[in-house]
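The values are calculated or read from the model by the stated rules, or taken from the named source; none is laboratory data. Source: prediction; values computed, not measured. Backbone-built Cβ (ideal geometry, glycine too); neighbour counts: all protein chains shown.
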Amino acid sequence: MVDLQSQYQKIKETVDASIQEVLESSAYINGPYVKEFQADLEKYLDVKHVIPCANGTDALQIAMMGLGLQPGDEVITADFTFAATVEVIGLLNLTPVLVDVEPDTFNIDIKALKEAITPKTKAIVPVHLFGQVANMEAILEIAKEHNLFVIEDNAQAIGANYTFKDGSKKKAGTIGDVGTTSFFPSKNLGCYGDGGAIFTNDDDLAHIIRGIVNHGMYKRYYHDVVGVNSRLDSIQAAVLKAKLPFLDEYCNARRNAARFYNNAFANNSNIITPTSASCGQICDACDCHVFHQYTLQITNGKRDELHQHLLDNGIANAIYYPVPLHKQKAYANDRYNEADFKVTNELVETVISLPMHTELDEEQLTLITNTINDFLS
Ligand SMILES: Cc1ncc(COP(=O)(O)O)c(C=O)c1O
């Protein structure tokens, strides 16, 4: 699905030199690269605070701890996402409330979100799924009306922009009260191990979170709150610092590959292709979709056959996600009604993700698209 090796070869010199520098310095934890990467990312995202941490799951948990959410508080998120989002809600003894998604963007459905609000609701976690920013303007309005926190799960959309109705833009992850991301190797900005970060423009929240990531310490060996141990190590920070200047180029490469795919499938009536919600196409101007995944909907019932056919022909593909969260054993709950998850229940039967990374060339894309069009003609 991804080709991290070819990408590494292009930046090998810088990355190797940075890693060597960390090795020579022996500042493996909290070394200068962590601070430098943090500052570079703050500038890139135009956000006041970036707090690096160990991974994207920790980032979500720490954000929720930082906001002071209490056991029993309800947190609304999308049914169609990776489990990390709902997992941390459960771990903190908060109550996850899963809602359906929109059929075109796969992101949280605004009507379903509104209907799920109760007096116990304290936060909304929009997930910018597959690289496309959720409908943040509507989410912010709902949050304001009901006094709710907005925690953006931006693990899949770093580098994406969101355009407001007045034409102003903000980077994904910097729009709500707090945003989180993952630097897992296959992410749009990936390191060579695990990594994550939390973003916020709120000085007080940033201060609280900086303590939480470090065992709840604001002064060495004085533990004011219950914290965790969640650090981005210096080697991962060095890799990320070397890669950050290429993030926009990486996002453009992904968009170009998505454009090739979309053109190739344009006349195939068995396929629904993804587009940017804001313009209905894939354009660099709105860049609200950075294609962490390129995900088709197969409408003739042959999704599983296509999956096997591609594997038989040596073409990687994946089903993200095969089971809705509300049907997972860990998260099933009597409060859910199947009729409320019409879109997610359909998506799990129809979606298929194709290879998507920065190094896809025309030959590979032609082979993939011809194989699919021949099979589904
Ligand atoms: C939407 C989403 N949230 C959170 C995470 C968790 O990130 P990590 O794997 O770094 O813990 C992921 C990782 O795949 C993700 O896709």
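Those strands (runs of 3 or more DSSP E) of the range 130-174 in which at least 3 residues are in contact (Cβ under 8 Å) with a residue 12 or more places away in the chain and closer than 29 Å to L296 by Cα, considering only elements entirely within it, cover 149-153, 161-163. Scanning the range 212-239 for residues that are assigned to a loop (DSSP other than H, G, I, E, B) and out of contact with any Asp or Glu (no Cβ under 7 Å at 6 or more places or on another chain) returns V213, H215, R220, Y221, D224, V225, V226, G227, R231, L232, D233. The set of residues in the range 151-169 that are surrounded by fewer than 21 Cβ atoms within 10 Å (Cβ to Cβ) and within 16 Å of the chain's Cα centre (by Cα) contains only N161. Of the residues making up the range 289-341, just one is acidic (D, E) and either within 16 Å of the ligand (Cβ to nearest atom) or modelled with pLDDT under 95 (or both), namely D334. Among the residues of the range 157-214, those that are under 21 Å from L140 (Cβ atoms) and of a type in the set (F, W, Y) comprise Y162, F164, F199.
Set side by side, the residues Q297, Q293, Q236, Q281 differ, and just one is surrounded by fewer than 17 Cβ atoms within 10 Å (Cβ to Cβ) and either within 17 Å of D374 (Cβ to Cβ) or not hydrophobic (A, V, I, L, M, F, W, C) (or both), which is Q281. Checking each residue in the range 229-273 for being in contact with a Phe, Trp or Tyr (Cβ under 9 Å, 6 or more places away or on another chain), touching a residue at least 24 places away in the same chain (Cβ under 8 Å) and among the polar types (S, T, N, Q) picks out S234, Q236. For the range 116-129, residues that are within 15 Å of the ligand (Cβ to nearest atom) and not in a strand (DSSP E or B) total 3. Condition first: assigned to a strand (DSSP E or B) and more than 12 Å from the chain's Cα centre (by Cα). Now tell me which residues in the range 176-193 satisfy that. V178 - this is the single residue of the range 176-193 that is assigned to a strand (DSSP E or B) and more than 12 Å from the chain's Cα centre (by Cα). Selection of first residues in the range 80-100 that are in the same structural domain as T180 (by TED's automatic domain parsing) and small (G, A, S) and of second residues that are within 9 Å of the ligand (Cβ to nearest atom) and assigned to a helix (DSSP H, G or I), restricted to Cβ pairs under 6 Å at least 6 apart or on distinct chains, gives the following pairs, ordered by first then second residue: A84/T57.
Being in contact with a Phe, Trp or Tyr (Cβ under 8 Å, 6 or more places away or on another chain) and crowded, with 24+ Cβ neighbours inside 10 Å is not true of T174.
Results for (1) assigned by TED's automatic domain parsing to the domain that holds F260; (2) more than 24 Å from N262 (Cβ to Cβ); (3) in a loop (DSSP other than H, G, I, E, B), shown as yes or no for each residue.
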| site | (1), (2), (3) |
| --- | --- |
| K329 | yes, yes, yes |
| R335 | yes, yes, yes |
| T344 | yes, no, no |
| E349 | yes, no, no |
| E359 | yes, no, yes |
| I368 | yes, no, no |
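Test A242 against the stated conditions and say whether it is more than 16 Å from the ligand (Cβ to nearest atom), part of a helix (DSSP H, G or I) and buried (at least 17 other Cβ atoms within 10 Å of the Cβ). Yes, satisfied.
Of all the residues that make up the range 194-211, how many are in a helix (DSSP H, G or I) and either of a type in the set (G, A, S) or buried (at least 24 other Cβ atoms within 10 Å of the Cβ) (or both)?
Restricting attention to the range 194-211, the residues satisfying the condition of being in a helix (DSSP H, G or I) are 203-211.
Remaining after also requiring either of a type in the set (G, A, S) or buried (at least 24 other Cβ atoms within 10 Å of the Cβ) (or both): 206, 209, 211.
Of the residues in the range 194-211, 3 are in a helix (DSSP H, G or I) and either of a type in the set (G, A, S) or buried (at least 24 other Cβ atoms within 10 Å of the Cβ) (or both).
Among residues of the range 301-349 being touching a strand residue (DSSP E or B) at 6+ places or on another chain (Cβ under 9 Å) and polar (S, T, N, Q), the one that is surrounded by the fewest Cβ atoms within 10 Å (Cβ to Cβ) is N333.
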